[in-house]
Structure formats: C-alpha cells, structure tokens
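Reviewing the structure listed below.
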Amino acid sequence: MPKALNLAELKAKANEIRKLIIRITTEAGSGHPTSSLSATDVVTALYFGGFMKYDPANPKDPGRDRFILSKGHACPVLYSAMAEAGYFSVDDIMTLRKLGSPWEGHPNMKRLPGIEASTGSLGQGLSIGIGHALAGRMDNAGYHVYVMLGDGESGEGQVWEAFAAADKYKLGNLTAIIDRNGYQQTGATEDVLDLGDLAGKINSFGWHVQTIDGNQMEEVVDALGAARDVKDQPTAIVANTRKGYGILPVLETTGDLNFHGKPLPEDLAEKALAHLSG
Amino acid sequence: MPACSIETPAGFGGLFRRKTTMYLGETAGLTLGKATRDAFGETLCELGGKRPEIVTVDADVGNSTRTEPFALEHPGRAFNVGIAESNMVSIAGGLAACGKIPVVASFACFLLDNAFDQIRMSVAFPEMNVKLVGSHAGISIGEDGPSQMGIEDVALACSLPGVTVVVPSDAACTAAATRAVIEHQGPTYLRVGRGKVADIYTDGIEFELGKAITLRDGGHATIIANGLMVAGALDAAATLAEEGHDVRVLDMHTVKPVDEAAVAAAARETGAIVVAEEHLHHGGLGSVVAQTAAALAPVPMEFVDVGDVYAESGDPAGLLEKYGLTSERIVEAVRRVVGRK
C-alpha cells in the first residue's frame, strides 16, 4: 500500500495531475480534458489517499485493489495519476493517442498493465467490476473494487442491471463513484436525459449512497473512508463535480463550459497551466 | 440417475412427421441420440468437479441451456443475474480477468444479438477467457418461433477477432467440443441445439479445434456441413452412393478458425463443394468456406441454408422441410454443383 498523502498533499497532487491532463491532451490534439478534470479529485484520493493497495512493479498482484474507469474517455486523468504513481513516466503519457502508443484514446488493458478494463463503450464498467468483486469474494482475496461512471453514462440500461445485481450479491467490496459533472456530449444532462434524484434511485436498488462535492478533497476522502467501512452492501458515491474543474475561469472565456471532447488550443492550455500554477 | 445426467424428452426437435424418413441421419442408418444442449450440460457438470475455476453466469435460462446441473452441483460458482444479458456478459469478462473460466450460456439469439457489444468490449477486445454458449440455435427449435431462433449467431461470432466458433453435430461431438473450449485459452463461442439429433460418432471421436473430420471420402463432390446438417449430409451421401457417386463429407465443427487445408483439399480433389448449415445465408459457414476456397482453390459451390429470411412458428420437422434444410435439398445441390464443374 503506497503511503497516504495528507489533505494538503492530496490537493497539490490533484493540481499536478490536472496540469498533466492539460499537457497531454493538448499535445495529442484531441481527447476529453474537461471530463478528466471533473474526476481528478476522486482519482487522486483513490491512488494517493491510502484507499487503494497497489504496486506499480507488480500490477497483476491478485490481492490488489481495482479501479475501473467505466467512463473511459476520461483516461487522461487515469494515465496522469498512474504516471504520478510510478506505473510509467510522464514522457510515456505524452504519446497519448499517437500511432503505436499504448496510451490510447480509451483504456486498453491488453497494452497497459495496471489498466483493469478496456472501456469506452459506455455502461459496461460496473458489470465488469461486479465480476471482479464476485471473484474476490470466491477467492477470499480481500480486495476492494472501485468503479467510476459518468452521469451521462448512467443513461445506459446496463448500469441499472448492474446496480440490481450488486444488491442481489450484497457486494460490500464494490464501490461505484458517479462523476456527476452535469454535462454530456451535446449538453446538460438535465436537458438530454434527466436522471433526477440519482442518489435516491441508486439507494432504492439497495445500495449505501453518499452525495458529496466531488471537487472538495475533504469530502472525497471522508466519503471513500465511509464507503470502505460498509461491508454488507455495495456503496455508491454521487460526486457532484464541475466539468473542467480547476480551469473554469479559462473555460469561461470560451463561452463553452461543457467543452466536451476537445483539447485546449495551445494558447488556452498555457493560460490553464498558468492558472493551475498560480 | 447421475447428478449430471440430462435428457431432452422425445418429441422435441428434428423429428420428421410428414416424410417417409423420421429425422436427419435416418437414411444414413444413424439412430436418434441426445440433444446437443444436453451433451453440453452434462459435460460441463462433469468438468465442474475437476476444474474449480469454472463458473457459470446465467440470465435465468439455465434449465433450458442445461447449465442447471452444474449450478445445482456448485451453487457458489453459479450466478443467475436475471434477465439481463448485457450485465451477464460483462460480469463474465470481469470474472475472467480474475482467472475464472466463466461459461456464459443463453439462447443463441439473446446472447449474440442482445449482448453483442458486451461480447465485443468485455470479452473479445480484451481477449478474455470467456466461454460463450448459445443454445436453441437454428430454426429447429420449432413452435416458439422466429424471435427465439438464433440464426445470425455464427456470423456475429465469426466477425469478432480472436473468437473461436464451434458448431458441433451430435452429442459426442458436443461433449468433445465442450472439453476443448474449456481447455482453450481465449474467448470461444459454442453453438448447441434444442432437439434430439442423430448420433454420428458412435465409435468415439478424435476432436481437435480447427480440424475438420472426414466422415466419408469420395471424388464426386464434397459436402461441408456442421451442426444438425451433418446428419443430413450423410443422408445425401448415402442416397448419392446408391446412384454410384461417392461424395466426401466433412464435419466442419469449427467455423473459425476454419480448416483451410481441408477446404483446399476438398476443392482440388473433388472439384465442387456444397455447404450445408442451419443458419442464415450470409456470414456463416458458407461464407467462410467460400472465402477460403476463393483464395486457395476456387471451384463451383452451392449452399443449403436458411436463406435470407426469417422463419416462423411450427413443428421442427415441418420448418426444416419448408425452409429447405433437408437431405433432398443437399442431394439436389450436389447435382447442380457437379453439373457446373
């Protein structure tokens, strides 16, 4: 288990990861930086807050905790966190989306040890996580499975099949985190497909649910700790976030607060990096 | 009765009521045996005691697909996730990532058609060691009708890189195929049927994935078949033999990777090929054999299959007759193809 950072250190780490997200997507010339930025605090807490046990030198360790990024388009945050954790280098992830690079546009577990699932077709990660959780229980392996989903992704019916099945098997070793950043490809989630009381709906499926501000590290750390302590039912954290959190003033100058599926042009990237350094 | 034993009742499946022959394979002197789904279920149950990594994931049709005996023997290793095929397949992907050997069985149509993207992304693309099993394949399921008939499944499964696709012809072939796919490292699709079929391998079987079995030899033409239609091919060969024409019959149980050497040899040595399968015309065994022959040794070919239509409800034998899956149609196809040599 890597050493747990304290709150101040976690916030600084999240800031470094945000800078990497901007740098690698701008270098790639494509990608989903804002979808990554909303999720950065949760991913940072998981990898550096003492919640996940993992060893970058032994990524197949059967006892490792699992993190599955079901919203695979946000992989810049995963690659950046894993580079900070020592799975690979910053130079490596600068090859994001380039021909021949295993740091593909969506996670590909065949090419990158430490990636737990090949995602990108939305809706499948929670089910895959159930498979890991069931296997862990059968083998008494003691690991915990974390799955991050998007709020737009939660329009997929399979997500709700998975919520129901995890309740049936009382998977206390499974935690779903919904990165509720409020936007999907063409607009606000409320306008495209309003999921309303998402926390209440998941709770009605038999899950322990917490709702937090997912961009406030204190709340993220507290919620992950509380989820870990629940042993007899699956746990969900509805993390209310802002898409592009960390560089919102820069995005505001573009008039596009969704800024979905496109990198920052170089001039804006410089402003964003300056903002994050300021 | 042994714990793993299953028996589909008589009257299910491919019994012909309207003709002088009663079932595919009768003209060739074969006797009616088990349904291939029964042979699959029994073998799976037996393997379950030897291979603790085997688990099943079911969408509430285990008593139809015959994973039920395994589930009763190994309740802690059998997961019925309800009527949710997408979830079923992706859960299997996760289990496989942790070293389990998940056997995922449903009706062929619901497994391949409903959960195709989950098979693509949770199984095929990450090369997960998941064993897909589609039961109730073909139109011979009968009265339940077209919504339950898996006739696109082989085409869909073959389209996925790295997936081995197996369509066994009888109980012994299915038992051997079940063992082979469990031993194979990588994603597989095994197709089984609902009704009783003729026993072909009464004297044992030498089964190897990707290797066709020569059931009869001859130089007049070659019939390449799989599943239920292997028995029909043997009927056709028997009829043609009475006329003095010896045809080669290949049981092409593995559609992917297909036995290219056997196809090329059949083309070169017999000069004409008929493909018979209980599947739609496009994308099944016929397409695979035609692509292979076209590349290696082009010869005239004919195809006996469901065509480019959906079938209907009805008794299995009547359906097989109406939609052209009979020994007589194979004989006619052989005559046509030989005329084109």
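The values are calculated or read from the model by the stated rules, or taken from the named source; none is laboratory data. Model, not experiment: these values are computed from the prediction. Glycine gets a Cβ as well: all are built from the backbone with ideal geometry, and neighbour counts include every protein chain shown. To get the accessible areas, we keep the full protein, side chains included, count just its heavy atoms, and leave off ligands, DNA and RNA. Shrake-Rupley method; radii C 1.70, N 1.55, O 1.52, S 1.80 Å.
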Open item on the list: The conditions are (1) surrounded by fewer than 20 Cβ atoms within 10 Å (Cβ to Cβ); (2) closer than 23 Å to A:ARG137 by Cα; (3) under 18 Å from the mean Cα position of the chain (by Cα), and A:PHE205 fails exactly one of them. Which is it?
Closed with: (3)
Open item on the list: Contact list please: Cβ distance under 8 Å, first residue in region B:37-60 and part of a loop (DSSP other than H, G, I, E, B) and hydrophobic (A, V, I, L, M, F, W, C), second residue at pLDDT 95 or above and open to solvent by 10 Å² or more (accessible area, probe 1.4 Å), pairs at least six apart or on different chains.
Closed with: B:ALA59/B:ASN80; B:ALA59/B:VAL81; B:ALA59/B:GLY82; B:ALA59/B:ILE83; B:ALA59/B:GLU85; B:ALA59/B:PHE110
Task: Filter pass, A:LYS53 being surrounded by fewer than 21 Cβ atoms within 10 Å (Cβ to Cβ) and under 22 Å from A:LEU149 (Cα atoms) - done: yes
Task: So A:GLY278, is it touching a residue at least 12 places away in the same chain (Cβ under 8 Å) and more than 21 Å from A:ALA133 (Cα to Cα) - done: no
Task: Some residue of region B:166-185 being in contact with a helix residue (DSSP H, G or I) (Cβ under 9 Å, 6 or more places away or on another chain), over 23 Å from B:GLU208 (Cα atoms) and more than 14 Å from chain A (Cβ to nearest Cβ) - done: no
Open item on the list: Among the residues that make up region B:210-229, is at least one of them open to solvent by 20 Å² or more (accessible area, probe 1.4 Å) and in a helix (DSSP H, G or I)?
Closed with: no
- [ ] Filter region A:158-171 down to residues that are open to solvent by 10 Å² or more (accessible area, probe 1.4 Å) and in contact (Cβ under 8 Å) with a residue 40 or more places away in the chain and give me whichever is nearest to the other protein chains (Cβ to nearest Cβ).
- [x] A:ALA164
Open item on the list: Among the residues that make up region B:1-11, is at least one of them at pLDDT 95 or above and either surrounded by fewer than 20 Cβ atoms within 10 Å (Cβ to Cβ) or within 22 Å of the chain's Cα centre (by Cα) (or both)?
Closed with: no
TODO: Please indicate, with yes or no, whether at least one residue in region B:282-293 is part of a loop (DSSP other than H, G, I, E, B), open to solvent by 10 Å² or more (accessible area, probe 1.4 Å), touching a strand residue (DSSP E or B) at 6+ places or on another chain (Cβ under 7 Å) and over 25 Å from B:ALA176 (Cα atoms).
DONE: no
- [ ] May I ask you to list the residues in region B:251-263 that are open to solvent by less than 10 Å² (accessible area, probe 1.4 Å) and hydrophobic (A, V, I, L, M, F, W, C)?
- [x] B:MET252, B:VAL255, B:VAL263
TODO: Please find, among B:SER64, B:SER90, B:SER86, the residue that is in a helix (DSSP H, G or I) and either closer than 23 Å to B:GLY195 by Cβ or more than 10 Å from every other protein chain (Cβ to nearest Cβ) (or both).
DONE: B:SER64
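Here's the yes/no breakdown for (1) in contact with a helix residue (DSSP H, G or I) (Cβ under 6 Å, 6 or more places away or on another chain); (2) modelled with pLDDT under 95; (3) within 30 Å of B:ILE91 (Cβ to Cβ):
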| position | (1), (2), (3) |
| --- | --- |
| A:LYS19 | yes, no, no |
| A:SER30 | no, no, no |
| A:SER35 | yes, no, yes |
| A:THR40 | yes, no, yes |
| A:ALA45 | yes, no, yes |
| A:MET52 | yes, no, yes |
| A:GLY63 | no, no, yes |
| A:THR95 | no, no, no |
TODO: Give the residues of region A:147-157 that are over 10 Å from A:SER70 (Cβ atoms) and within 13 Å of another protein chain (Cβ to nearest Cβ), sorted by residue number.
DONE: A:GLY157
Open item on the list: So, in region A:66-95, exactly how many residues are assigned to a loop (DSSP other than H, G, I, E, B) and either of a type in the set (Ser, Thr, Tyr) or surrounded by 24 or more Cβ atoms within 10 Å (Cβ to Cβ) (or both)?
Closed with: 5
Open item on the list: Looking at the structure I just gave you, is B:ALA233 touching a helix residue (DSSP H, G or I) at 6+ places or on another chain (Cβ under 7 Å) and touching a residue at least 24 places away in the same chain (Cβ under 8 Å)?
Closed with: yes
- [ ] Name every residue in region B:301-338 that is open to solvent by less than 70 Å² (accessible area, probe 1.4 Å), part of a helix (DSSP H, G or I) and either over 12 Å from B:LEU24 (Cβ atoms) or out of contact with any helix residue (DSSP H, G or I) (no Cβ under 8 Å at 6 or more places or on another chain) (or both), in order of residue number.
- [x] B:ALA317, B:GLY318, B:LEU319, B:GLU321, B:VAL331, B:ALA333, B:VAL334, B:VAL337, B:VAL338
- [ ] Tell me which of these B:SER135 doesn't satisfy, since it passes every other one: (1) more than 9 Å from chain A (Cβ to nearest Cβ); (2) of a type in the set (Ser, Thr, Tyr); (3) without any contact (Cβ under 8 Å) to a residue 40 or more places away in the chain.
- [x] (3)
Task: Among (1) more than 7 Å from chain B (Cβ to nearest Cβ); (2) open to solvent by 10 Å² or more (accessible area, probe 1.4 Å); (3) over 14 Å from the mean Cα position of the chain (by Cα), the one test that A:SER121 misses - done: (1)
Task: Residue check for A:MET148: buried (at least 18 other Cβ atoms within 10 Å of the Cβ), closer than 26 Å to A:TYR79 by Cα, hydrophobic (A, V, I, L, M, F, W, C) and free of Cβ contacts under 8 Å to residues at least 24 places away in the same chain - done: no
- [ ] Return the residue satisfying two criteria in turn: it lies in region A:231-250 and is within 21 Å of the chain's Cα centre (by Cα) and aliphatic (A, V, I, L, M), and of such residues it is surrounded by the fewest Cβ atoms within 10 Å (Cβ to Cβ).
- [x] A:LEU248
- [ ] Report whether or not A:ILE22 is outside any helix (DSSP H, G or I), in contact (Cβ under 8 Å) with a residue 60 or more places away in the chain and buried (at least 24 other Cβ atoms within 10 Å of the Cβ).
- [x] no
Open item on the list: Take the conditions in contact (Cβ under 8 Å) with a residue 12 or more places away in the chain, away from every other protein chain (no Cβ under 14 Å) and within 17 Å of the chain's Cα centre (by Cα) and apply them to A:ILE178. Does it pass?
Closed with: yes
Task: Residues being crowded, with 17+ Cβ neighbours inside 10 Å and either out of contact with any Lys or Arg (no Cβ under 9 Å at 6 or more places or on another chain) or without any contact (Cβ under 8 Å) to a residue 12 or more places away in the chain (or both) - total across region A:251-269 - done: 2
Open item on the list: Looking only at region A:133-159, count every residue that is in contact with a strand residue (DSSP E or B) (Cβ under 8 Å, 6 or more places away or on another chain) and in a loop (DSSP other than H, G, I, E, B) and tell me the total.
Closed with: 4
